[in-house]
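Reviewing the structure listed below.
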Amino acid sequence: MTDPTPHTAPTPDARPDPLRLIPAPSRHPLTPVLLGLMFLSLIPALILAFGRVGYEQAQKTAALVMDYPALVAQAKRYGQDPQALLGRYEALGVNGVALYEDVIGSLEQRGQIYVRAGSDLAAENPGLGLKPGSVYMRSLEPGVAEALPAQYTIPTRTVSIRGQEWIEWPTDPRFLPAGPDRALVERLKSRNLTLVYRPYADDAVKNVGANWPDVPFIAFTGDEVIGARTPELLTQISERMGNRLPAIIESNPQRGLDDLVAAHGGARMFALNPSWQNRLSPLDVASKYNLAARERGMRLLYLRPYPTINETEDMLRRTTELLKNSGVNVTRPQITAFEPSTLLRALSIVGPLAALLLLGLSFPLRRLGLVAAGLSLLLALGMNGFNPFAGAALVAAVTFPALGMVLRRSRVSDWFVATGLSLVGVLFVSALGATRDSTLGLDPFRGVGLTLVLPLALVATSFLPRQDLRQTARDLYSAPIRLGDIAVMGLGLAVFALVFLRRGNTTSGASVSSTEADLRQILQDSIVRPRFKEMAAHPLGLIGLSGTLPGYFSALLVLGGVVGQASILNTFSHFHTPLLISAARAFIGLGVGLIAGLAGIQLVKLALRLWNTSGRPPGQGSGSTDARPAPAPGARA
């Protein structure tokens, strides 16, 4: 059936601005007051930021610590003297070694004691009452074997076999911790090497820690520190630590370590699993160590040699080069704790709270905005155990990315306002969230996923028209949905899901491709690598604010731009990363995104012009059919 009413295509001047489909924000009388409070509260946040930068600049040192047992094994494999091979590696930058505690078996290997199975001795010496299931030990160096039983709770006895005194152990003692090789420790200290001591845990040891050497760092083995299961023993270990600092091994949480760090501080240590390292090239490994020192505050870079000496030297040479380019000084780290002012942090809380109230009051539906703001505050505090500082940091991280896009969203220049407010939020996140534990990676930012989801939800909620919510729900329910709408919504959800899953780049099924990984390494070896989601999302926001695309497409792209703003705050929520590194990453992403967005606006305009004029006779314009998507349900033209 033909429509009897003639239909003429609207001229370009008659087409409504797509951004007018989005209702304008409310302007509340308290807006100037809240903005004033926010910027006054920015003063203590700025002071804290300058203090943090000064602290981080003074801490740009790291030690290249070689695993000494692995080095000895490599030296023996190639017929070299371990000390000589260590000298070669020292010339390439190694300035520290990690020593494991000796076990009784180490004394046997060095020829200090002689150990025999009871079954062998009993067979050789019948009638002496020797026990086949026991293990017998005697000294080759005077007094070594005799001094061992007093260190353990295991009962022993002395027996005489053919005129020689043997110590009978009911179980094999070869794996019992036996303290450090003090002669080796002194030789290594004489070379001015940074020493990391790695003690073993065993319940049979009586006086744990009494024989630890005088070294600057202790790196515990396994999944817990010695004494983690016994408060009294943990207290004893804390006393034995003295001036030594415990190593905080990345990706290896150890039970009880928090207590030692609270009492002594700590040194972040980065190491690679040997099997994984051997699957990577020396240059790839060097890149990872450089990244760890430059961007993750690692002060101890725990190195293991490759199977070959040449590969090990290539790794060391490249690591030293990259660290020098990054301004990281390879020396013994002098570590101090980061202690921000509690008063300045308390004053900084006012800013995020004022911003959150302003956000709620600026919603077109003001009551809905206040409810959303209140729920956001409760959620942020609840996720942080109602800790006011950590909760306010999360409030800042979810509020400021949304605030700019709620206050102003009608032209391209509004992107700069939104970005400026996001950068203001960065200072509050740093002021409230950066503490000693968070900069050491022991107290990570809680709510990282929320920083990507909640700003998007807040801005999307502000798109609801000024009318009864029940009417909006009816309009949405009755709105006709076309196949194109379903495709657009599905694509948008898929892109957001990818961004959310990739927020840590480690989620199964959403890891980076090999091509992207190669590109990332090239960038991080030359400059501070920007976040790819920001370089993609910022152009979307600019194109959306330009109103170039028809219908609801511009509104969707504005939401895409919110992801870019949220990612800025997300970048700064990694408090173990130096503030200037995060700033460089954010500004590079903003610069690339701005250029790409401005170019994208012109490309979209050109594409739409070609689409509307292709195949039409000159002078016909865009044709008689308006193929633009319908306005959002409930929106005003």
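The values are calculated or read from the model by the stated rules, or taken from the named source; none is laboratory data. Just so you know, these numbers come straight off a predicted model, no measurement behind them. Cβ coordinates were reconstructed from backbone atoms using ideal geometry, including for glycine residues, and neighbour counts include every protein chain displayed. SASA here: full protein model, heavy atoms, side chains in, ligands and nucleic acids out. Shrake-Rupley method; radii C 1.70, N 1.55, O 1.52, S 1.80 Å.
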- Message: What's the total number of residues in region 75-95 that are closer than 20 Å to ARG318 by Cβ, open to solvent by less than 60 Å² (accessible area, probe 1.4 Å) and touching an Asp or Glu at 6+ places or on another chain (Cβ under 8 Å)?
- Response: 2
- Would you check if there is a residue in region 331-343 being without any contact (Cβ under 8 Å) to a residue 40 or more places away in the chain, open to solvent by 50 Å² or more (accessible area, probe 1.4 Å) and under 21 Å from THR194 (Cα atoms)? no
- Task: Just one of (1) more than 20 Å from GLY404 (Cα to Cα); (2) assigned to a helix (DSSP H, G or I) trips up PHE338, so point out which.
- Result: (2)
- Task: From the list ALA24, ALA58, pick out the single residue that is aliphatic (A, V, I, L, M), under 30 Å from LEU549 (Cβ atoms) and modelled with pLDDT under 95.
- Result: ALA24
- Task: Scan (1) surrounded by 20 or more Cβ atoms within 10 Å (Cβ to Cβ); (2) free of Cβ contacts under 8 Å to residues at least 60 places away in the same chain for the single condition ALA380 breaks and write down its number.
- Result: (2)
- Message: Going residue by residue through region 438-453, is there one that turns out to be within 30 Å of LEU257 (Cα to Cα) and modelled with pLDDT of 95 or more?
- Response: no
- Test: MET241 is of a type outside the set (Lys, Arg), under 26 Å from THR153 (Cβ atoms), under 33 Å from the mean Cα position of the chain (by Cα) and open to solvent by less than 20 Å² (accessible area, probe 1.4 Å): yes
- Name the pairs: first residue in region 349-365 and of a type in the set (Phe, Trp, Tyr), second residue surrounded by fewer than 23 Cβ atoms within 10 Å (Cβ to Cβ), Cβ to Cβ under 8 Å, at least 6 apart or on different chains? PHE363/PRO25; PHE363/SER26; PHE363/LEU370; PHE363/ALA372; PHE363/THR461
- Query: Considering only residues of region 438-479 that are assigned to a loop (DSSP other than H, G, I, E, B) and within 13 Å of PRO364 (Cα to Cα), which is least open to solvent (accessible area, probe 1.4 Å)?
  - Reply: SER462
- Is it fair to say ARG304 is farther than 27 Å from ASP437 by Cα and surrounded by 15 or more Cβ atoms within 10 Å (Cβ to Cβ)? yes
- Message: Quick check on region 422-437. Is at least one of its residues over 30 Å from THR336 (Cβ atoms) and either in contact (Cβ under 8 Å) with a residue 40 or more places away in the chain or open to solvent by 10 Å² or more (accessible area, probe 1.4 Å) (or both)?
- Response: yes
- Query: What are the residue pairs meeting all of these: first residue in region 128-139, first residue under 21 Å from GLY105 (Cβ atoms) and outside any strand (DSSP E or B), second residue open to solvent by 20 Å² or more (accessible area, probe 1.4 Å) and aliphatic (A, V, I, L, M), Cβ atoms under 6 Å, and 6 or more apart or on different chains?
  - Reply: PRO132/ALA122
- Task: Scan region 263-281 for residues that are open to solvent by 20 Å² or more (accessible area, probe 1.4 Å) and in contact with a helix residue (DSSP H, G or I) (Cβ under 7 Å, 6 or more places away or on another chain) and report the count.
- Result: 2
- For GLY391, work out the one condition from (1) open to solvent by less than 40 Å² (accessible area, probe 1.4 Å); (2) touching a residue at least 24 places away in the same chain (Cβ under 8 Å) it doesn't fulfil. (2)
